[in-house]
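Following: one structure in structure tokens, then a few remarks.
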Amino acid sequence: MSDILIRPEAPDDDATISHLVSNAFGPGAYARAAFRVREQAPHDPALSFVIDLDGELAASVRLTPIVIGPCEGRLLGPLVVDPPLKSRGYGKALVRHALAEAGALGVRYVLLVGDPPYYGPLGFAPVPPGRVKMPGPCDPRRLLVAELEQGIVASLAGVVAGRP
């Protein structure tokens, strides 16, 4: 992985990221519960990163400010990798980098909707059942959280909302 450059997302990257998201998730992507949260608040440019391979954007991850009750955190996603470059570890490298940067900035937790086998080894665990809800349909088994402040998960209760 030493041949890749992880850098902060730049405004010029937006069109390419939108194209990658459309290709990866299809036209129904924006109807998902996580995208509903992202419509409420812009992603955090200080915590949104891309992988640059020789000047070409290969992958992206964005973190969006959220609140669950009184607890502020971030929603991870979309995490997207250019399809021909999948299974090379780029997505996992971006998630690790984003979590480290979020922790360094004092973010207390990072939430996402995703597959436990993929995100579990990266520090995510299921949200305690019935405590947190997305503003739309979401399989509660796929609602995962990375606790960056020890014990914060016990304080999470309510509906996820974007924090502008």
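Mind sorting I6, I66 by how few other Cβ atoms lie within 10 Å of their own Cβ, fewest first?
Result, fewest neighbours first: I6, I66.
Given R₀ = 25 Å, FRET efficiency for R7-K133 by Cβ-Cβ distance, to 0.05?
Once rounded, the FRET efficiency stands at 0.15.
Output ³J(HN,Hα) for the range 118-124: one whole-Hz value per residue in order, computed from phi by the Karplus curve 6.51 cos²θ - 1.76 cosθ + 1.60 with θ = phi - 60°, and x for Gly and Pro.
Along the range 118-124, the couplings run 7, 8, x, x, 8, x, 9 Hz.
Please list, in chain and number order, the residues 5+ apart from V132 or on another chain whose amide H is under 5 Å from its amide H, with Hs placed from the backbone.
Amide H neighbours of V132: G158.
By the gyration tensor of its Cα atoms, with a ≥ b ≥ c the square roots of the eigenvalues, what is the shape of the range 34-113: rounded for a/c under 1.5, prolate for a/b over b/c, or oblate?
prolate
How high is the relative contact order of the chain, in percent, counting Cα pairs under 8 Å that sit 6 or more residues apart?
25
Quick one: which residues, 5+ away or cross-chain, put their amide H under 5 Å from the amide H of E9? H built at 1.01 Å from N.
S48, F49, V50
If Lys and Arg each add +1 and Asp and Glu each add -1, what is the summed charge of the other residues whose beta carbon sits under 13 Å from the beta carbon of E72?
Summing Lys and Arg as +1 and Asp and Glu as -1 gives +1.
Give me the net charge of P121's neighbourhood, meaning all other residues with Cβ under 12 Å from the Cβ of P121; Lys, Arg count +1, Asp, Glu -1.
On the way: positive: K92, R96; negative: D115.
In short, +1.
Match the structure shown to one of the listed values (i) 14.9, 45; (ii) 14.0, 41; (iii) 14.8, 42 of Rg and Dmax of the Cα atoms in Å, computed from it, and give that label.
Only one option fits the structure, namely (i).
Each reported figure results from applying straightforward, stated rules to the coordinates on display, with no laboratory input. In this text the structure is predicted, and so the values were computed from the model without any measurement. Quick reminder, even Gly has a Cβ in these numbers, built from the backbone with ideal geometry, and neighbours come from all protein chains shown.
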